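The values are calculated or read from the model by the stated rules, or taken from the named source; none is laboratory data. It should be emphasised that the depicted structure is a prediction, and the values quoted were computed from it without experimental measurement. Reconstructed Cβ throughout: ideal geometry from the backbone, glycine too, with neighbour counts over all protein chains shown. These accessible areas exclude ligands, DNA and RNA; they are computed on the full protein's heavy atoms, side chains included. Shrake-Rupley method; radii C 1.70, N 1.55, O 1.52, S 1.80 Å.
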Amino acid sequence: MKNAVRIFRFGFLVGLRDFDVFWKNWRIWLVAWILRVVTVAGSWVLLGRLLESQDRLEYLLIGQAIIVGPQAAGWAVPSSTWNRYDGIYPMLVIAPSSIAPSIIGRSSIWLLNGVGTSLITFLVLATAFRLPLPHAVLALRAARPPGE
């Protein structure tokens with residue numbers, strides 16, 4: 001088990017490097033990927049505003065913020081194919097350990113990309129369209145020390 005965790009960690013570090021090579025740096029990721037995703041999701045939310053229904057606006061906003069996550073995490077599939085064509089799998093097969101921790105570690109960065117994309121999209125759209133977030137307000141009130 002300890003060996004599998006070590007291999008997963010190194011696979012994850014390679015995945016971080018893949019992500020860095022793919023996007024060059026975090027600024028390009030924000031401008032190219034997040035701006036694109038927020039713009040597309042925002043156009044659907046604008047449709048909800050056009051229908052003059054707060055319920056549909058909220059439904060579309062939350063739905064679009066959620067659906068962009070799997071779209072971003074979907075990059076795990078092509079990255080696995082890139083690994084195959086780069087000749088990485090034959091080297092992993094002859095390694096003295098299982099192939100699974102390495103592949104899972106290397107592809108897990110794209111899952112984190114999906115979570116981050118959904119979260120950022122939701123926060124940007126909720127701010128832009130003034131979505132009421134009563135749970136966030138309650139959490140902020142609960143985080144304050146008593147007497148304030």
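Which shape class, rounded, prolate or oblate, goes with region 33-73 when its Cα gyration tensor gives a ≥ b ≥ c as root eigenvalues, a/c under 1.5 marks rounded, and past that a/b bigger than b/c marks prolate?
Oblate, because a/c is 1.5 or more while a/b does not exceed b/c.
Over region 1-120, what is the relative contact order in percent, taking alpha-carbon pairs closer than 8 angstrom and at least six residues apart?
Relative contact order comes out at 46 percent.
Heavy-atom accessible area of D18 with all protein chains present, probe 1.4 Å, nearest 10 Å²?
Probe radius 1.4 Å; accessible area of D18 about 50 Å².
Among V31, V21, L46, whose Cα sits farthest toward the positive end of the charge dipole of region 1-59 (+1 at Cβ of Lys/Arg, -1 at Cβ of Asp/Glu, about the Cα centre)?
Result: V21, furthest along the dipole toward the positive end.
So which helices of the chain fit the span-like rule, where a helix is a whole DSSP H run, its Cα atoms reach 18 Å or more along the axis, and its mean Kyte-Doolittle is at least -0.5?
2-23, 35-50, 54-73, 100-128
For R56, R6, what's the largest-to-smallest order of accessible area, 1.4 Å probe?
Largest accessible area first, the list is R56, R6.
Within region 1-52, report the chymotrypsin sites (Phe, Trp or Tyr not before Pro) that DSSP leaves as loop and that have at most 16 other Cβ atoms within 10 Å.
Hits after loop and neighbour filter: nothing returned.
If you project the alpha carbons of the chain onto their three principal axes, what span does each projection cover, largest first, in Å?
60, 43, 25
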